Structure formats: C-alpha cells, structure tokens
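Everything below concerns the one structure shown next.
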Amino acid sequence: MDLFPHQPVTPTQISSISDPNDSVFVRVALERGIDRAQGFTYRTNTDAQVGQRVSVPVGRGNVPTGGIIIECGDESLLDGFDPAKVKSVISQSPAILPSSLVELAQWMSEYYMCPLGMVFSSIIPSAVKSDTGRKIRKVVDRSPVTPTDEQIKELTPKAREAWKLIAGLEPTIFPLDPKVLASKIGQRTVAAINKLINAGLMIRAEVQVIKAPKVFELLDAGESGTHTLSDDQASAVDGITKSLGTFAPHLLFGVTGSGKTEVYIKLIEQVLAAGKQAIVLVPEIALTPQTAGRFVKCFESDGVAILHSGLTRSARNQQWAAAASGEAKVVVGARSAVFAPFSNTGVIIVDEEHDSSYKQDQLPRYNARDAAVKRAQIENCPIVLGSATPSLESWANAKAKRYSLWTMPNRVGQGNMPKVQIVNMAGDNEELRPPKQPGFTNAYSIGRTLGAELISTIENGNQAILLLNRRGFAAVVVSSDRSSGWRLECNQCDSTMVVHRGSVREQGGRRYVKCHHCQSEQLIPKQCPMTGKPLIELGVGTQRVEEEIQERFGERLGLILDETYTRVDADTMKNSKDYFNVLDRFGKGELKLLLGTQMISKGLDFPNVSLVGVLNADTSLYLPDFRAEERTYQLVSQVAGRSGRGIKPGKVIVQTLNPGSAAITRAAKHDYIGFANDELQTRRVANLPPIVRMVRIVIRDEDNNAAHQRAYSISEQLRSSCGDHVSIVGPMPCSISRIANRYRWAIELGCRSPKPMQDAMMKLRTQGLLTSDSKVAIDVDPIWLM
C-alpha cells in the first residue's frame, strides 16, 4: 500500500458516509508554522487513525490545509467547546504514518523547539504528498480461472502457441504491459495476446505506477558482503547481534579501511532473516556512491530504497512508496532517511556519525544522528554509530558506558595505515613562488616536498588526491596600500567576497566576486577606492591550485585539465551525475589526480591512490568555534584515510603553518583516542559540549537595534525562568554579525542536563514569547557557532 492515496476521498464522500451522530473527533497538527502542540480539533464521520494525513479547513476562508492526526477520541477532546461549531475534515488518506514516526515527530517538536506541523512537513516529502509521477498503465494478466481443454482447442494455432509460452512464464512477472509480454514470448505484435483475452484466457487490467527516472548511478561495489570477517569485525558483529530486538546504542570505532561496511552488511543480513527492516544513514549520499552501491548490491533481492534530496520528485515518491509498501526492506539515504516509513525496523545504522551534514540548518534544526538514536529507542531496536573519527559526543557516551564500544584498530586485507609527514610551510625552504603576476602575490600552494612526492607518485603509475577545503580563486581582494586598510566586502554581509574565475561573470575584462553567505556578486573595482592604488588578491582556493598544477606539472606528468586530472568542488560538480562520472573515471585510472574540497575526503576507496596531500591543514583551525580543532582532526584524518587502501603503501603529506597543533600531530599519528581524551579535558575545563548541553538562539532583523532589543528581552526572560545551574551568555553579536542584510545577535545557554533549558524555553514558548520563526532561530545542540 502506498503511504498516501492517489484517489483521495472527496468532501462529499465523507459527509455521506454515515449519520453525523456517529462522528468522532480528531486532533490535527497542521503543516504550518503554528506552534500548537495539542493540534486543532475537527470532526470526521469516517474511521480515523493516528498518523493519517488529512485535509482540513483553516481560518475564516476555510482554506484546505494538510495535517496529520495526532489523537482520536470523543467530545472530551473539545475541552468544553460547542460540538456544533466544530469543522469537519475535508478528506483523509486510508494509509497512515507508522506510530513510531508520530512519536518521533512529537519528541522532535518538543526537544528542538519546533512547531509539530513543521516537523511532520519535513518527515513527509512534498513529492509524496502530491503523488508526483503516478500514472495509470494498462496491463494484461493470466486469468485466475484455469482454461479448459475445449477453450485451448478453439484457439488459432498462433494463439495456442502463444498461450503455451505464456503458461510457462513465472507467475511473479505478471501483470505486464502487452508489448513487453509479446516481446518475452517472441511475438512482434500483440495480436495473439488480444485473441487470448477475447477467449478469456487472459484479462486486461489497470495498475497505478510511479514513473521516475533511474535513481542514480552507483559505482562498482566490488566484493562487498563476501569477505571472511576479521577477528575485530566478527567480535563487533557477534556483540551487536546479541542486542537485536532491544534498544541498545553501539559505537563502532574503526580506522579508515577497517571494514565497517562489512559489519553493517552482516548485521542487516541477520535483521532481514528475522523478517525485519533496516535503515542506513550515510552523509550526503551523492558524495558516497561506493557506500550506497555496496548496500544495493548486497540486498537488491530484498529491495533497497534510496532516499535523499538529490532525487527528482517522481523518484523520491517512487522510493518512498517502495519503503512504505514493504517492497523495500532496506532504506539507504542521507539525513531524511531517518524518517523512512518502516513499521518493523530491526536496526538503524549511522555511517560516519560525526559528519556535520547530519545536522539540518533550518526548521526543524535536528541532528539526524540523535533523531536516529531516539527512533531506535522508540522502535526498541539497536542503533550502530560508525566512524573512524567519532564525534566527541558519541565518544563521551561510550566512555561513560552509555554506548557499547567496539573497536577495529587495523585495516582489513593487505592495507596498512599510511605514513603521514607534517611539513612546516613557514620554514624548511618549502615555499616556492611563481613568476610575478599583476595583482597576485601568493606563493605556490604545493610546497617543495609535496611537489616532489606528487611527481614520483604519478610517474610510478599511481594516483593522488589533493585537498584544499576552500573553493574559488582567491579569498579576499585588498588594497596594495596596507595603510588604507581597505578590503572588498559584501554590501549585504559583514564578510569579504571570494574571487572566482569562470564560474562568476566578467564584464569588460573585469571580474565579479561572490559572497559565499548570501551568494550576491560585485564587480571588482579597477583600483582602491580610498587611495587609487592597485588591488591584490590574497588567499588561495581550488581554482588557483588548478592553474598551478597545469603550470608546474602539466607537461612533465601529462596532466591535462578534465582529461587526466580534475577539480572536484561545488563549482564544478553541478549534480550527482557529474560527481559519479569523475569517480568512475578515477576508478578506471583515466584520471591521475583529483583536486578538491571536503567532497573528496569521505567514502572513497581506490586501491591505486598512494598519495594524499593536504595543502592547508589550517583552513578551519582558527575559526571562532570551539569545535575547530575537532573538525580539523576529522578532516585531515578522513582524507588521509583515502591513501594506501590497496597493496601499495600510502603516504600523506600535511602542509601547515602550525606543525605543533594537537589536531594535526595526533592525526599524523592516527591517534584518535589521544586527541579525543585531550580535547574532552579541554572542554571540561571550559565547560563546553559535550560536558554540558548547549542551546543557541539567534535573533535576526534588518534593523540592528530591533534585533538587539528582542535578543535582550528574550535573554532577560530566560534568566528569570532558569535557575543558577543554567548559564546564559549574551546577547552578543554573532561572529558574522550580518548576513543577507539581517543583523544577527546570539544567546547561548549551557547546562549539564538539557531539561532545565527545555523547561525554561517551553515556558516562554507556551506564553508566545519564544517562537521559532523567520526572525528567531532556536538551535538545540548546535554544531556551528558562526
């Protein structure tokens, strides 16, 4: 059964079903930003169930509005309101959301301070609500009545031969399109099939299908699911298996290449054998086609649905329907896959659980990893969080024995962890400078050591990956007269503009720059508007390195852009197909070198990669965010893990101006445990997450004074509602104090337990003093503080 009907019940049908005295009352959470946890009460004359999607009249104009039934009952739901004045449901679906999703939505609404209807709106894709792509298809099927010998004798010879072939086909392939059936039995036309229909041996029918393009290409999955497990893998599988059928959180901590995916596959096999279903979350599925390919290959016969935002609307509806109907037993997807419409979930797996893409930056601002843990609790099933660089939240839970910890410290097969060399770009004669260029004064990005290693790698027939987590050509445009202090800033944000080449317009030989926050563009001035002096471009992005590779190594190594090397970032990869094509070519050896941002740091397994170069490990190290060290460690460690995954030894060269940074030195030693324990101690001293829980409230307004005043008012109300055990900092300007012409003020709450903060915010929420809307963003457990 599809989750939502393709032929909804009409208002007329509802009102004529039974006597009004047989009415029941339902509470409905409207799919709008109305913050009313108990919903709105309506009357219906039909059987109603919690989780059904309905259309109800709203407001004086009785505007039809979608919503989800959250409670059914009698007149007690009216709280004394006159039953005669209760409006009736317009239409309702015969199918329902699983009760586990309704409970999850209610928890998310309360925990993340978001209107319940907005949570439901996120759970159910708009393509599912509109039933995009559904078509009626005419098909034929064999008659359920066995034909008599007389019927067969009366057939023409051609029809009789056709029936003989059709009778020999597997019954599971029916119903079929007549032309497809004709092709299967070697007929050029459907004439013989029509004669069988006229004779009563076959019947015509209509089926409703969702017509959609192929979900996406998946890269070769290799021999996934067929390997003999290592001792570490077997221990993890055995231990986690013992918790099947109960809620139990597990942290699977395994180095890159240790075979975490094989553990997931073995667990899913056992869950499916028990007649249950499995949900697998992966970060940004468009960036992890190899991982998705492994699950599809292993469980294709059981049915695999793919859910992520990159699908077309019809494909999203099709995949959701496959999961809701039970056609698919496994769902693989990004953040939104945590809402897979399963009612018999046996295990939930979150791969790369540390990844920031699991956090949504708009209503509802949920973390899919944490929502998955809550859903596993509701479903009473185990959840497995896997990573080579776990989030400190998960690591702290494992250390406190709240999560079971399974470690896999070694790579499987013949691969060994790569050797990592830290290169200090401030010394050691590493810096190389290009010939002078007007307006550009930067040194080369690829230092002497990395350049020599790159030449050796490519000349020996191996492949390399270079990471620079900054796209564009240059980071900022400034005046050559330092005394002026002038720099080109966005006129809508308190931020500098980034220089792009090619992907941003040019006019009369002059280029535009782009703001990475509001996406606005400006024309680069001819000269400094304050002094009239020339302008220079500082900082390096992937576009500049792309040119450097061609200039320094193109001729010697045969590196030709888009033929033997390519750039992988948001400017070149317009869609998932572009990305899959690049990875496919890299896997076949057509490309010798990949240069990219963090897009190339996760989920890639290419045995011929023997060199990884991190061009600037300091990119995020000194951001004004307490998670900067953690993110730096994770990024360096993850991209380093792309090297040496085959029989060839791997090497990683990390270029930095801070060779003593703990994040970099620990990553070079592959010492996550040492880094995590040290960082936890730092957080403990500073009273920061995960030692405490945090809530960040950002107030935005085009009027700076209005934003400040509202932030001040909210902070004072919170102070009067919270006890001394809740710390409140602010209001204060955000690190980026203005984005898209809206000034931003922040309030930060901290407490050892989330409950006192939740209680205080709920008090203000019920009074209408604190609402999540276009001007107030409530971020529970924030991961970014910019």
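Numbers below:
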item: Every residue from region 63-99 that is under 30 Å from Gly326 (Cβ atoms), touching a helix residue (DSSP H, G or I) at 6+ places or on another chain (Cβ under 8 Å) and assigned to a strand (DSSP E or B); result: Gly66, Gly67, Ile68, Ile70, Glu71, Ser91, Gln92, Ala95
item: Of all residues making up region 654-709, the number that are in a loop (DSSP other than H, G, I, E, B) and farther than 17 Å from Val255 by Cα; result: 13
item: Test: Arg60 is among the basic types (Lys, Arg), outside any strand (DSSP E or B) and surrounded by 13 or more Cβ atoms within 10 Å (Cβ to Cβ); result: no
item: Among the residues listed as Arg552, Arg627, Arg556, the single one being out of contact with any Ser or Thr (no Cβ under 8 Å at 6 or more places or on another chain) and open to solvent by less than 30 Å² (accessible area, probe 1.4 Å); result: Arg627
item: Among residues of region 650-696, those that are of a type in the set (S, T, N, Q) and more than 21 Å from Leu785 (Cα to Cα), counted; result: 6
item: Single residue of region 562-590 satisfying the filter (assigned to a loop (DSSP other than H, G, I, E, B) and surrounded by 16 or more Cβ atoms within 10 Å (Cβ to Cβ)) that is farthest from the chain's Cα centre (by Cα); result: Thr564
item: Whichever residue in region 317-340 is open to solvent by 10 Å² or more (accessible area, probe 1.4 Å) and either in a strand (DSSP E or B) or among the basic types (Lys, Arg) (or both) and, among such residues, is modelled with the highest pLDDT; result: Lys329
item: Condition check for Arg60: of a type outside the set (Asp, Glu) and either more than 30 Å from Ala323 (Cα to Cα) or modelled with pLDDT of 90 or more (or both); result: yes
item: Flag if Val652 is open to solvent by less than 50 Å² (accessible area, probe 1.4 Å), in contact (Cβ under 8 Å) with a residue 12 or more places away in the chain and within 27 Å of the chain's Cα centre (by Cα); result: no
item: Residues of region 364-395 classified as open to solvent by 30 Å² or more (accessible area, probe 1.4 Å) and under 15 Å from the mean Cα position of the chain (by Cα), total; result: 1
item: Close pairs (6 angstrom Cβ cut-off, 6 or more residues apart or separate chains): closer than 11 Å to Ser445 by Cβ and modelled with pLDDT of 90 or more in region 465-479, surrounded by 24 or more Cβ atoms within 10 Å (Cβ to Cβ) and of a type in the set (Ser, Thr, Tyr) anywhere; result: Leu468/Thr542
item: Hey, Thr156 open to solvent by 60 Å² or more (accessible area, probe 1.4 Å) and more than 30 Å from Gly768 (Cβ to Cβ) or not; result: no
item: Selection count where residues are within 15 Å of Cys493 (Cβ to Cβ) and open to solvent by 40 Å² or more (accessible area, probe 1.4 Å), scope region 693-746; result: 10
item: Single residue of region 765-786 satisfying the filter (over 28 Å from the mean Cα position of the chain (by Cα) and surrounded by fewer than 18 Cβ atoms within 10 Å (Cβ to Cβ)) that is nearest to Thr496 (Cα to Cα); result: Leu769
item: Positions within region 209-226 being open to solvent by 100 Å² or more (accessible area, probe 1.4 Å) and either at pLDDT 70 or above or in contact with a strand residue (DSSP E or B) (Cβ under 7 Å, 6 or more places away or on another chain) (or both), in sequence order; result: Lys211
item: Residue that is most open to solvent (accessible area, probe 1.4 Å) [pool: residues in region 111-130 that are in contact with a strand residue (DSSP E or B) (Cβ under 7 Å, 6 or more places away or on another chain) and not in a loop (DSSP other than H, G, I, E, B)]; result: Lys129
item: Some residue of region 405-413 being polar (S, T, N, Q), open to solvent by 40 Å² or more (accessible area, probe 1.4 Å) and out of contact with any Leu (no Cβ under 9 Å at 6 or more places or on another chain); result: yes
item: Filter result for the condition that a residue is surrounded by 13 or more Cβ atoms within 10 Å (Cβ to Cβ), at pLDDT 90 or above and assigned to a strand (DSSP E or B), over Ile197, Ile203; result: Ile203
item: Pair list, Cβ < 8 Å and 6+ apart or interchain, from region 411-435 residues that are over 28 Å from Asp232 (Cβ atoms) to residues that are in a loop (DSSP other than H, G, I, E, B) and at pLDDT below 85; result: Val423/Glu430; Asn424/Glu430; Met425/Glu431; Glu431/Ala443; Leu432/Ala443; Arg433/Ala443; Pro434/Ala443
item: Single residue of region 131-153 satisfying the filter (without any contact (Cβ under 8 Å) to a residue 60 or more places away in the chain and hydroxyl-bearing (Ser, Thr, Tyr)) that is most open to solvent (accessible area, probe 1.4 Å); result: Thr146
item: Considering residues of region 341-363 that are touching a strand residue (DSSP E or B) at 6+ places or on another chain (Cβ under 7 Å), part of a loop (DSSP other than H, G, I, E, B) and of a type outside the set (D, E, K, R) only, the residue least open to solvent (accessible area, probe 1.4 Å); result: Phe342
item: Filter pass, Phe253 being open to solvent by 20 Å² or more (accessible area, probe 1.4 Å), of a type outside the set (Asp, Glu), in contact (Cβ under 8 Å) with a residue 60 or more places away in the chain and in contact with a Leu (Cβ under 7 Å, 6 or more places away or on another chain); result: yes
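Here is a yes/no grid of residues against (1) at positive phi; (2) over 34 Å from the mean Cα position of the chain (by Cα):
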| site | (1), (2) |
| --- | --- |
| Leu466 | no, no |
| Ala475 | no, no |
| Gln519 | yes, no |
| Gln527 | no, yes |
| Ile536 | no, yes |
| Phe553 | no, yes |
| Ile560 | no, no |
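The values are calculated or read from the model by the stated rules, or taken from the named source; none is laboratory data. These numbers come from a predicted model, not from an experiment. With ideal geometry, Cβ positions are generated from the backbone for all residues, glycine too; neighbour counts draw on all protein chains shown. Note: accessible area is taken over every heavy atom of the protein model, side chains too, but ligands, DNA and RNA are not part of it. Shrake-Rupley method; radii C 1.70, N 1.55, O 1.52, S 1.80 Å.
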